[in-house]
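Below: one structure, written as structure tokens.
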């Protein structure tokens, strides 16, 4: 018997850092709008303590957790069952704790990104040329859904080119199936311009400079930072200064959260409404 006073229907987001996360507010609003009873909190996890934190949370009655930087590659290793998206990406952002003690892993990042770009931003991905900057867990999670969305070409630019090449290799079969081109390059080697530029690095979080040249942008290109709020401002200012349309990752956050909520609760929340509300309260 546990003496833990934790509420039922408990969920959390695990990461390091995690104080900036707006996931608790999003899931609280989803619960309100769908009539679900959900308790969702932040959980700051030591860099070497992810597995222990997940097991402890599950043992205390946790029903599921979202996984953010830097634990997305570690998450699948704890899972009993991984979705096809997780197998492809090697990364997970959504864990579900089952009654039988098993852990199911999924990755809703790419679904959220594609939904935000196509539905909320109104930008077509079919036939698009995409530059994906970064090859970490965030990039790995979105590559498959971008290919499924019908993009024509994706260049993955990463300082450690081998990491980008590994993503190309793991997605080459899907790319061939989708008749899409995949290319891995160092950031300084990227040439030409793109319809959509996606910053999947943590450079915004640390305040680092954008690692690719402004020549990748053209007027009307969508420049998308997976970060949101002040953390995305540097990339967005850079994009706007060069004539691109800048967008932060708040919509991706809301849309991927909606996918996770649907996995956990079996109910699809009104993501577009919640995104609009959050945009209004941010200003």
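The values are calculated or read from the model by the stated rules, or taken from the named source; none is laboratory data. Keep in mind it's a predicted model, so treat the numbers as computed, not measured. Every residue, glycine among them, receives a Cβ derived from its backbone with ideal geometry; neighbour counts consider all protein chains shown.
Some notes on this structure:
- When region 245-283 is filtered for residues that are assigned to a loop (DSSP other than H, G, I, E, B) and touching a strand residue (DSSP E or B) at 6+ places or on another chain (Cβ under 8 Å), the ones remaining, listed by number, are 248, 249.
- Filter result for residue 197 (in the same structural domain as residue 117 (by TED's automatic domain parsing) and within 19 Å of the chain's Cα centre (by Cα)): yes
Conditions tested, residue by residue: (1) closer than 30 Å to residue 163 by Cα; (2) under 15 Å from the mean Cα position of the chain (by Cα).
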| residue | (1), (2) |
| --- | --- |
| 25 | no, no |
| 48 | yes, no |
| 58 | no, no |
| 65 | yes, yes |
| 75 | yes, yes |
| 79 | yes, no |
| 83 | yes, no |
| 88 | yes, yes |
| 91 | yes, yes |
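- Any hit, region 222-231, residues being within 12 Å of residue 129 (Cβ to Cβ) and at pLDDT below 95: no
- Of the residues examined, residue 67 is not one that is in contact with a helix residue (DSSP H, G or I) (Cβ under 7 Å, 6 or more places away or on another chain) and farther than 30 Å from residue 279 by Cα.
- Count of region 191-214 residues which are at pLDDT 90 or above and either in a loop (DSSP other than H, G, I, E, B) or in contact with a strand residue (DSSP E or B) (Cβ under 6 Å, 6 or more places away or on another chain) (or both): 12
- For region 215-244, filtered to residues that are free of Cβ contacts under 8 Å to residues at least 40 places away in the same chain, surrounded by 14 or more Cβ atoms within 10 Å (Cβ to Cβ) and not in a loop (DSSP other than H, G, I, E, B), the residue that is farthest from the chain's Cα centre (by Cα) is 238.
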